[in-house]
Structures are given as structure tokens and as C-alpha cells.
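So the structure is just underneath, and the comments pick up after that.
Readers should treat all values here as calculations from the given coordinates under stated rules, not as data from a laboratory. Since we're looking at a predicted model, the values are computed, not measured.
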Amino acid sequence: MTKIWSCILMLPLMSALSAAPAAAEGLFDLFLGGATFAPVSMKQSYLDPAKIRHDGLYGNKNINASVAGGLRLGGIHKWKRLSLGGAFVMDMYEAKAKFRAGTTAEQGGFVMQPGADLIIGIPLKFIRLYGGAGLCVPLMFYNYTGQDKISGTTSPNSIGTSGALGYNTFLGFRWLITNRFNIFLEDRFTNLLTPLVIKNSAIGNSASSQGAGYYNSSITFKSLNSNRIIAGVGFAWGD
């Protein structure tokens, strides 16, 4: 019954779209702004010198605000009262959290986040209201130092890259200065669908009992909760 009603409700929309000629245009955006974060859920896991794995420090940690930027490339089909399109988006920002109280070390790193967004808009004469959602792959370039919870000693730094699957939602508006040039303001939100794990696989002296042995430690971002307010310039071409 739900499917039947969905089809009935979609008929007016489909008929309106089919009756109105569509205009297609390409788009290219450059943007810059700031990123803030809700407290994120994290944990640390490590091996002690006796090769016993410990999982601890569950809880929410604050992430520092950072500069955000990126670019978007895609296309839009415009009808009289609706626009629909898609785009490749590259978001960039930094996500670093102070993981352990009393230390200056911040765990995390620079994030490059490629993704694909579905864009739905309302085209007006000089303004376009729009929003949408999509999938993304946050890639974190990190510099991580593990810390043994029992002895307090630390392992050597580990530099690497870790990725996860996430999603974007966004809402914004454009001011069409000309048919080819516009400026826009947008609110973008990202969270994770799968955990993001940064690792330090350093292995020291296995005979030591002072915490300098097996580390193989990791920190897991179980959420990300990135909110980015961005402003940018856009270029359009086509019909």
C-alpha cells in the first residue's frame, strides 16, 4: 500500500518535470570557511609488555576548531521550479583531539575527504536555494604517538593515513551575480558510517617489563561530527 501511495504522489512531480523543458549547466566551486566539531566518541587500544591487549579511555573528546576548504565539480539540470544534480566534492580540514588529560599531545590529523553529493535546489531569479546529501571517504593523514596506560611510557611516532566511510548533508544558497558567476554560503555536516582507526605498530624489546615492549596501539574515532560553515565562488557553463 505504501508503494502505491508513493507512486500516486510522484505522478504530479514526474508529469511537471516531463512537461517543462530542462536546462543543463556545469558547475565548479571553490570554498573556504571554518570547521567545528561536537565531542567525538573515541577509544585507545594497545598491547602491554606481556602482550595483553587493553581497550580503554572510552568517551567523548573535544576536537579543536580548524580552517576548512575545498572544491566541487558537477552538473545541474534545471526545470522551472526545481533543479537536480550531482557533484564530486573534495572537503579539507583538520581534526585533532587532546586524547589524554595532562598532556599536550593531540591525536588526529589533516583530513582530505572526497565524496559524491546529490544536490536538490529551488531556482529563483537571482538566488538559488539548495541542499542535499551524499557519501564521502574521510582520509586522515596522522602523526600518532601511543602511550602505555600502565607505565606511562610512549611509543615512537607513527605517520600514516587512515580512511573510513562517511556521509555529508548540506544546506545553502547562491547569489547569481551573472549567468556564469555566483557566490554562495553553505552549511556542511559530516559524520562516520564506519570507524576511523589511526595506528602505531611500533614493537620494542619484548623482554622489557617497563612498558617499552609491544605497543601495536591505536586510537579509534567512532564518530566525527564535523560541521563546516563555508563561503565560496562558483562558475557555471552550459544552457
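Residue-wise HN-Hα couplings along the stretch 61-66, as the Karplus relation 6.51 cos²θ - 1.76 cosθ + 1.60 with θ = phi - 60° gives them from phi, are 10, 7, 10, 5, 5, 8 Hz; Gly and Pro carry x.
For G86, the amide hydrogen comes within under 5 Å of the amide hydrogens of G75, I119, counting only partners 5 or more places away or on other chains and with H modelled in the peptide plane.
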